[in-house]
Each structure stands twice: as structure tokens, then as C-alpha cells.
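Taking it in order: structure first as C-alpha cells, then the write-up.
All of the numbers you see were taken from the coordinates with simple rules; none came from a lab. All figures in this text were calculated on a predicted structure; none of them were measured in a lab. A quick note on method: Cβ atoms are made from the backbone with ideal geometry, for glycine too, and the neighbour counts reach across all protein chains shown.
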Amino acid sequence: MLEKRHQEYREKIRAFCLEKIEPLAATLDEEQRFHDEHMKPLTEMGLFSCLIPEEYGGQPVDTLSYIIAVEEASRVCGSTGITLAAHNSLGCFPILEFGTEEQRKKYLPRAAKGELIAFGLSEPDAGSDAGGTRTVAIKGNDGWVMNGSKCWITSATKAFATIATARTSEDPADRTITSFILEKDWSGYAVGKKENKLGLRGSDTAFLHFDDLKVPLENQLGEVGEGFKQALITLDGGRISIGAMALGLGQGALDVALKYASERVQFGKPISYNQAIQHRLADMATEIQAARLMIYEAAILKDAGAPFSRQSAMCKLYASEVATRAAASALTVLGSIGYLTGPYPVERMWRDVKLCEIGEGTSEIQRLVIARDLLKTMRTV
Amino acid sequence: MDFYLTEDELELKQMARELADKRIYPRALEMDEEGITPQDLIDECAELGYFGFTVPEEYGGLGMSATAFMGVLEEICAACAGFGIMLSVHNSLTCEILKLYGSEELKKKYLPVMATGEKIGAYCITEPDAGTDVASIKCTAVDKGDHYVLNGTKTFVTNACFAGVFIVFAKTDPEAKHKGISTLVVDAGSEGLSIGQPEKKCGIKASDTREINLNDVKVPKENLIGNLGDGFKMCVGILNSGRIGVSFQAIGIARAALNEAIKYSKERVQFGQAICNFQAIQWKLAEMATRIDAGRLLAYRAAQLKDQGKPCHRESSMAKLFCSQMANYVCNEAVQTHGGYGYIKEYPVERYFRDARVTELYEGTSEAQRMVIARDLLRE
């Protein structure tokens, strides 16, 4: 179904990931450390500027290619996959989509050089209910003053800038939310405790705290009150990339399971001779392929400028559940050796992939988005 | 749920719950992060007689039923499944095989010191190339007149680093398949027995898992358990015990995960109300609770059949298959109920999720359980 250029792009990224990313994946997980070593090669490969036009120093590709890149990176290292997904879809995209020319010129060239941009929407008491944001920004004569905390920030420590949302009214009942571009170097901007996570342990997840943070007027992103809408639009795109991450992890798990099943001998023959194993592998491959088609469809719709909100929720929901099943199934094919941290990566993938059912909207929220769209449009296909 | 237990047994279960809540649970996070089994907790369990739970009183044990032990095991595993499996392997596998098949001399020599926890048991079957296919083990025991000489490698040995007694399955007739396997007691510290590095595992990190190597290890003839060549037969019998134990381990983990999910869903407010008010969450909790109860009933049935000395092959495998899948389902849903908080280590569901996974792998994978069940169905 892919055009030749997309096939070639995949081959290029796959070779790159096997050479540069995979060798470190287990170490990053085990040491719970960010992939600094990957930054230069990823930047040179253009993977931090997938969506950035050339005029801002980017190496732009279409959404489908970008999604393929996230898929292939995640196939060998989920942590690298989520860093890419968060930077491109959540960090760069809002500036491109909602930013002024000055903002684009200021931030995107740095982003294209591999300086990360983060995205802060969630708060301790505002997860699925993003409208419940408590971080507040009050406008003064020479700028805004922001107070509050954001959690689950991917690349929090490393990012030089963050797109963050805040309520912009002193009236607590007023839920008007606005977005801002914040810089790490500003006083009042602090990176909090790093999270000790089940998986994706090579990705840099931490809190951000804003304590009387002064935000210049020119760092307001888009119009006042547009923040919530912007976040939803941003997440529509982001969900395709989380779907791609799940897809890559599921595919990676299948890669390992297939090879192991052909090599492992029990009862005098490779375990792949058993129907129980064959059917497992067949189910994994079938579901993964179905997820892939859904994800690519959403990416193609986005590139075509067509509505894709329902498709992005659907592909994220389906791919994350499929990949979670596939990783669990792969672990089962390996048996107890799969439960060890090394020598096979399925245990890591199994832990990593669980996040895909949670991040950028839990499966419950995806179902809510899909159901709302169904009930609003009464369109069943 | 407790209609399988007598008043006395329920009291023992209640005591275990107190120990689990007050002493084990508070240290479970530390045990998981550091991968340790604290000696002082072992000592406390020893004082309560947990290392000789089903060992007859004449050998210094409590002489309780397997069913009663399962009640206790569920409580311990609800606090820390890694710690629980240490007790389960010791009681349900090592003490059990000695109790059922050991000579009077072996029982007198080993059971009293095992029942006090002085010598903890390790059970050694699996090898790098022999997992589900037990009959293909390569470890050998060669008859040298008054003793055997053992050579081979055993993997995934629980309790390896602090065990005083290793029950080792080896080929006394390498040509024969099943019928060439015999079972021997090997003392810790025997010359030629070396203990490997701890395995890094996904979960149950509080349990000690290692590879052991046997290099010309001399074992006296009288350390043979049962008859020569009966190893496979005994192994299959004892596995029922182990499988019932893993079922209760799974139940303990799942129950703890459900408790956390209920607690969290009542505290967590989104969209202006506790998330337990949403049907999406209520349905999850209801499904989790129902599956846990179903699993517990299957598992108690198997335990009781075993205590009655009735065949429980199919029932043990069914309990193990269902409970391990149930625990994975429940823990996954518990993490999902917590959202992002379920993915970090401050919340215990993250640990339960990792711990539950192994219940589908050891004491026979789910695939092996289905094999057992199907064979039994087709035989009739």
C-alpha cells in the first residue's frame, strides 16, 4: 500500500535505528537514563525536524513518513520513540500551527538542531479532565505571571522550551485556558522530580513547577482562551504518533517472538511447529497489520487536510491495545526467559507499551472521543 | 469465599493478614527495588511456623492442610508476591516431595530443620534447554557405588542464594526419557555446587532467582527421593501442589490490585466527580472482582481435592491457567484505572502488574496447562 518513497524511507530509518539506536536500548532502560548518545545521529537524520519547513532549518517529511520514523524507532527502543513523538507532535507542531512568524523563527531552528521542546498539559488533578487546569497566568502590563505545576512532562529536564497551558482569568470559575511558550532558563521555571516509571525508562519524564514565572507578552501562543482547543488539535496529531509508537513496540515484540519460536527446541522440535505458537504469531501479525493500516490512514488524512480526529482516536486506541496484547503474547512465546531483563527485549517492550494505553488520553478517553463523534455526527462510517 | 476453610484455618489466615499488612507490605517497595528477601522477615515467618506449614507435627511442622496454607499464602502474596513465592516453593515443592516420597531417614534428617526455616528449600528442574519439555533435561547423576556424581546446570532456581537444601532432578539413565529421571537431595555447600548471579527479572524481584551449576557433586545414595527413575512421576505429582500455590499467589496479587483500584477510583476526582462514578470504571471493578472470586473458587477446589488425596491434575491446571490470566487482566485494569499514576512506582499497582506476569510462566506456562487439561479431556 505504501508508495516507493515511503518504502525507501522506512528502509533507511530501519537501517539507521538498527545501527544507532538498538545497541543502547537495554542499557538506557536498565540505567534509567536519557539517550544523549542518540541526539546527534537523530538530529542529522532529520528526526527532530520532521514537521519543520526548510526555511526554519528543518528536513520536512510528510506525516506518513514521520509516523513511519516513530514506528521504526519504537520497534527497537520505545524511549527514543516517545522522545521523537513528543518533540515533533507536541512540541514543534503547536508553534508551527498556532505560532507567529517571530515565534517560529525563534524556536523552530533550535528545535531542528535537536534542542527538545516539551508539552505541558496534565496536572496532578487534571489528567483526563484537562479542562480542570489549575495553573494560572495573570496578565500585567509587561507580561504574564504564571504559577502552577505540570506533570508527566516528556523530556522535561532536557527541553529548552515548553508549550504549557494555564487558566488566564483570576476568577476560579472561569475556565478560559491559554497556551504559552516557556523557556527553561527563565527564573521561576523549575524542573521537578524525575518519575520512576514502569517502562520507557530511557525517556525523561518529570514535573515542571512555575513559581511567579514571568512570561513576556510575545510568548503567548495564539489567542487568549484558545489553549484548550489548541491542545485538542495538537493531541489529534499526537495520538497518531502514540499509535505509531505502540505499533513499533508490537512489531518489535513480534520480530523477537518469531525468531525465538523458530530457534527454541522443546519436545524434539522448534516450538514454532506447535499450532499453539503458530496461531499466537498469526494473531499478533494480523492485529498489528490492521493497526498499521489504521495509523497510516489517519496520517494520510492529516496530510490531505481532511478531518481525522475520530481516526486518530481510533488508531491510538486500537494500536495501543493490539500492541499491549502482542507484547504480552511475545513474552508468553519466550516463557520464563522472556521474563528476564535481557537477554531478550520483550520484557522491556511489554513494560514500555503499557504507556500507549495511557499517554495522550487513556483508552477510556479515546472511547469517549469516538463515542462523542459518533453521536454528534450520527455518521457510522 | 472462605467456606473452604475451618474456623481455625480462618484464624491462621487472619494472623497472616496482620503480618502481611503490618510487617511485609510496608517493605514491599524496598524489597522490589533492591531485589532482596530480608532475613528478619524470614525469621518472623519461621516463628509462626510458616516454613513447616504442611509438614506433619512429628517432623516439627504445623501439620496443617494444603488448603489452610493457601489461605495464608494469598495473604502474604497480597503484600509481596516475591516474598510469597519463597514460602510457596519451600512448602509446596521441597517439603512436599520429601513428605510424600522421602524415606523415613530423609524425612527425619531434613523436614525438622526445614520446618523451622533453618534450611530453606530450592527446587531444581528447569535447564536452559529444558523448560516445558521436562523429560529432555541433561543434568546427570552417575552411580558410583555408594554415591552419585551429579553434573549439569539448572536455571530459574528460586531461593538459590540462601537455600540449605536443593532438590535436584537428574538423569540416572540418559538413554531413557521420562523414566530415566531421578530426584536427589543436595546439601548447600556441597563441593562442586556453585550458585550463579541473581537474575534480573521483570517482577517478583524480592524472590531470589539464579542459575546453579553442579560440577562432579557427590551425593550419598540415601539422598535419593523415592525410587530410581521415579523423578518424572513425582515431579508431575508435586507440580499440582506448585500450581495451586501459584494460583493463590495470583489471587493475592489480583486482590491487592483491586483494592488499590477501588481506593484510587474513590479518591481521584476528574470532571468534577470521583472517577468511580463513571460506568467505564465501575464496569472494570465489577469484572475484576467477579474474576477474582471465580479464580479463588477454582483454586480452593483444587487444594481441597489434593488434601483429600483425590486426583487433581486437571483441576490444578485449570486453577493455575485461570488465576494467572485473571491476575494479569486485573492488574492491567488496575493500572488503567490509575492512568499515568499506575505507570510509576509510587503506586503499588505498577509492581503488581509486573509481578502478575510471571504467574503465567512458571510451574508450567499457560500453554503447558492447556496441554495438561486437553490431554485429560481427551483421555476420558
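Summary table
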{"quantity": "Cα-based reach from residue B:99 at 16 Å (exclusive), listing lysines while leaving out same-chain residues under 8 positions away", "calculated": "B:107, B:108, B:109, B:119, B:233, B:306"}
{"quantity": "Point-to-point label distance, residue B:34-residue B:216, nm (Cα→Cβ direction, 7 Å offset)", "calculated": "3.9 nm"}
{"quantity": "Added length on full extension, which subtracts the Cα-Cα distance from 0.36 nm per residue, residue A:283 to residue A:19", "calculated": "92.1 nm"}
{"quantity": "Prolate/oblate/rounded call for segment A:1-97, Cα gyration tensor, a/c under 1.5 rounded", "calculated": "oblate"}
{"quantity": "Estimated FRET transfer efficiency (residue A:371, residue B:144; beta-carbon r; R0 51 Å; 0.05)", "calculated": "0.10"}
{"quantity": "Contour excess over end-to-end distance, with Cα ends at residue A:141 and residue A:211 and 0.36 nm allotted per residue", "calculated": "23.3 nm"}
{"quantity": "Length-normalised contact order for segment B:7-119 - Cα pairs under 8 Å, 6+ apart - percent", "calculated": "33 percent"}
{"quantity": "Residue B:100 versus residue B:259: modelled label distance in nm, points set 7 Å from Cα along the beta carbon direction", "calculated": "3.1 nm"}
{"quantity": "Stokes-Einstein D in µm²/s, Kirkwood radius over Cα pairs - segment B:247-380 at 10 °C with 1.306 mPa s viscosity", "calculated": "102 µm²/s"}
{"quantity": "Dimensions in Å of segment B:201-294 - Rg and Dmax from alpha carbons", "calculated": "22.8, 72"}
{"quantity": "Highest-fluctuation residue, B:65, B:136, B:190 considered, GNM on chain B with Cα pairs under 10 Å", "calculated": "B:190"}
{"quantity": "Value of relative contact order over chain B, rounded to a whole percent, pairs C-alpha under 8 Å and six or more apart", "calculated": "17 percent"}
{"quantity": "Cα Rg over Rh - segment A:1-46, Kirkwood", "calculated": "1.10"}
{"quantity": "Using alpha-carbon coordinates, inclination of helix A:63-76 to the longest axis of chain A, degrees", "calculated": "60 degrees"}
{"quantity": "Å³ per residue enclosed by the Cα convex hull of segment A:118-223", "calculated": "97 Å³"}
{"quantity": "Calculated FRET value between residue A:171 and residue B:21, using beta carbons and R₀ = 51 Å, to 0.05", "calculated": "0.65"}
{"quantity": "Proximal lysines to residue A:12, defined as alpha-carbon separation beneath 19 angstrom and excluding residues fewer than eight positions away on the same chain", "calculated": "A:4, A:20, A:40"}
{"quantity": "11 Å beta-carbon shell around residue B:368, net charge (K/R +1, D/E -1)", "calculated": "0"}
{"quantity": "Helical segments meeting 15 Å axial Cα length and Kyte-Doolittle 1.0 threshold in chain B (DSSP H)", "calculated": "B:66-79"}
{"quantity": "Reciprocal of mean inverse Cα separation for segment A:319-381 (Kirkwood radius, Å)", "calculated": "13.4 Å"}
{"quantity": "Chain A - convex hull of the alpha-carbon atoms, volume per residue in Å³", "calculated": "137 Å³"}
{"quantity": "Cα gyration tensor, segment B:1-85 - rounded (a/c under 1.5), prolate or oblate", "calculated": "oblate"}
{"quantity": "For residues of B:272-280, the mean tally of beta carbons on other chains within 10 Å", "calculated": "2"}
{"quantity": "Sorted by Cβ density within 10 Å, fewest first, the residues A:153, A:240, A:13, B:373", "calculated": "B:373, A:13, A:153, A:240"}
{"quantity": "For B:283, A:350, order by how many other beta-carbon atoms lie within 10 Å, fewest first", "calculated": "B:283, A:350"}
{"quantity": "Size-normalised alpha-carbon gyration radius of segment B:121-228, reference 2.2 N^0.38 Å", "calculated": "1.02"}
{"quantity": "For chain A: relative contact order, % (alpha-carbon pairs under 8 angstrom, 6 or more apart)", "calculated": "17 percent"}
{"quantity": "Value in Å of the Kirkwood radius, where segment A:226-381 supplies the Cα pairs that are averaged", "calculated": "16.5 Å"}
{"quantity": "More than 38 Å apart - percent of Cα-Cα pairs taken over the protein assembly as shown", "calculated": "42 percent"}
{"quantity": "FRET efficiency, 1/(1 + (r/R0)^6) with R0 35 Å, evaluated for residue A:378 and residue A:1 via beta carbons", "calculated": "0.70"}
{"quantity": "Antiparallel bridges, percent of DSSP beta bridges restricted to chain B (to nearest 5)", "calculated": "85 percent"}
{"quantity": "Rounded tilt (10° steps) of A:309-334 against the dominant C-alpha axis of chain A", "calculated": "40 degrees"}
{"quantity": "Kirkwood-Stokes translational diffusion coefficient of chain B, alpha-carbon pairs, 37 °C, 0.692 mPa s, µm²/s", "calculated": "156 µm²/s"}
{"quantity": "The protein assembly as shown - share of DSSP beta bridges that are antiparallel (%, nearest 5)", "calculated": "85 percent"}
{"quantity": "Net length gained if the chain between residue A:40 and residue A:97 were fully extended (0.36 nm per residue, minus Cα distance)", "calculated": "17.9 nm"}
